[in-house]
Amino acid sequence: MIIAVSSTRRIANMNTLAAVLALSIAPCTHLIAANTVADVVSKSISELSPIATIHVGKTADWVAIVPDAVWVGSTGPFAVHRIDPKTNRLVATVGLPGEPCAGLASGFGSLWVPLCGDYPAMAKVDLGSNKLVSVIKLAGVTAEGGVTASADSVWVVVDEAGSLARISPDTGVVRQIVRVPAGSFNPSYNEGHIWITRAAGAEVTVIDAFDGKLLATVPTGPNPRFLTAGGEAVWTLNQGDGSLTRIDARNHSTKTIGLGTPGHGGDISFSGGMIWTTMAKVPLSAIDASAVSLRCHWTGPGGDSLGVGHGAIWLTDYHAGTISRIGLEDALARCQK
């Protein structure tokens, strides 16, 4: 996600060395040069007229989709905001004791919000009452990182050395620390495994969500940070060269294609056979997941983080402090033109 230099959202040092830890080797890797981008006509983001735009604060960042709501974080105030997708109205604002500085996750009836600042912590917001129910103190929280929920735990990286904390959702106690490669920040749960990107390198580490055992390391494009899962694969948005890597969730074979969107920040989401990404100056891109092929670019201002659900793409404009609802069918139809 995009950030002013003065913010506490510290961007990890972008070391472009492709370090592959030999826990396992992907059986087959296909690489298309990252600067080779499909012949896609860029469209203006202005052609996607939002159904609604909601202002939440000085900045807007981090989106979580739950069955009956859309949540988005903000600074000015430090808070997370609940939007009712039936009415497109802001229905609750939950104040936080620190900056929501990393990706949000839902699980165990709660929204989990990593907090940066002098007192790093994890906020637990009850999804039923829209109340802050607890703040779990942590050794640290990595800005531009993330949090994920498995069947029995909440997982978050607590330092730049690669300490992945496994937290009991009921007590808030850190029940296990799993050591992953330094510079790994963003975990994501998928089918019994925790996948975690190493933004300081060029790989993803795969962990057994049951016992925390490291299972494999899979190469990606340079500096993968944000990731999503869908279509029997895990997908990484690689900040180093603006590429996208598809990892087969079963055999760990990979394919990397160029998107032409390098740089800090960004976000990625899977829905309906499509991968959606956002990045500065290219607030929305659409990729066909089955063909692993870039279909559309929309360029212009805005963007930064996104979520897809309730028949819409929910796209933040970080600096404007807004989140916009873009009709999913409208975006898909225009992508075909």
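The H on the amide N of Leu259, modeled in the peptide plane, is under 5 Å from the matching H of Ser243, Leu244, each at least 5 residues off or on a different chain. The peptide list 204-210, 320-326, put in order of mean Cβ contacts within 10 Å with the highest first, becomes 320-326, 204-210. Extension gain for Glu47 to Lys213 (0.36 nm times residue separation, less C-alpha to C-alpha distance): 55.0 nm. Modelled this way, with points 7 Å down the Cα-to-C-beta line, the labels at Thr93 and Phe108 are 2.9 nm from one another.
Pairs from the table (Lys86/Lys281; Lys131/Lys281; Lys86/Lys131; Lys281/Lys337; Lys86/Lys255) lying more than 26 angstrom apart at Cα are Lys86/Lys281; Lys131/Lys281; Lys86/Lys255.
Karplus-derived 3J(HN,Hα) values for the range 285-292, using 6.51 cos²θ - 1.76 cosθ + 1.60 with θ = phi - 60°, are 9, 10, 10, 6, 5, 6, 8, 6 Hz; glycine and proline are entered as x. The lysines whose alpha-carbon is closer than 23 Å to the alpha-carbon of Lys137, local same-chain residues fewer than 8 away aside, are Lys124. Of all the accessible heavy-atom surface of the range 146-274, with the other protein chains kept in place and a 1.4 Å probe, what percent is carbon and sulfur? Ligands and nucleic acids excluded, carbon and sulfur reach 48 percent. Between Gln336 and Lys86, the distance separating the two model label sites (each 7 Å from Cα on the Cα→Cβ line) works out to 3.1 nm.
Derived scalar couplings between HN and Hα for the range 295-304 equal 9, 8, 10, 10, 9, x, x, x, x, 2 Hz in order, rounded to whole Hz, by the Karplus curve 6.51 cos²θ - 1.76 cosθ + 1.60 (θ = phi - 60°), x for Gly and Pro.
Across the range 87-99, coupling constants 3J(HN,Hα) worked out from phi with the 6.51/-1.76/1.60 Karplus curve, θ = phi - 60°, read 10, 6, 10, 6, 10, 7, 10, 10, x, 10, x, x, 7 Hz, and Gly and Pro carry x.
Shown here is the pair-distance distribution of the range 154-251: with all Cα-Cα distances grouped in 10 Å bins from zero up to the longest one, the shares run 18, 51, 27, 5, 0 percent. Would you please classify the overall shape of the chain from the alpha carbon gyration tensor, given that a ≥ b ≥ c denote the square roots of the eigenvalues, rounded means a/c under 1.5, and beyond that prolate means a/b larger than b/c while oblate covers the rest? It is oblate, given that a/c is not under 1.5 and a/b is not larger than b/c. Per-residue ellipticity at 222 nm, computed for the chain from helices alone with -39500 (n - 2.57) per DSSP H run of at least four residues, works out to -1000 deg cm²/dmol. Extension gain for Ile177 to Asn251 (0.36 nm times residue separation, less C-alpha to C-alpha distance): 24.0 nm. Residues in the chain average 39 Å² of solvent-accessible surface per residue, probe 1.4 Å, ligands and nucleic acids excluded.
The values are calculated or read from the model by the stated rules, or taken from the named source; none is laboratory data. In this text, all values refer to a predicted model and were calculated from it rather than measured experimentally. Cβ: placed from backbone, ideal geometry, glycine included. Neighbour counts: every protein chain shown. Keep in mind that these areas ignore ligands, DNA and RNA; they rest on the heavy atoms of the full protein, side chains included. Shrake-Rupley method; radii C 1.70, N 1.55, O 1.52, S 1.80 Å.
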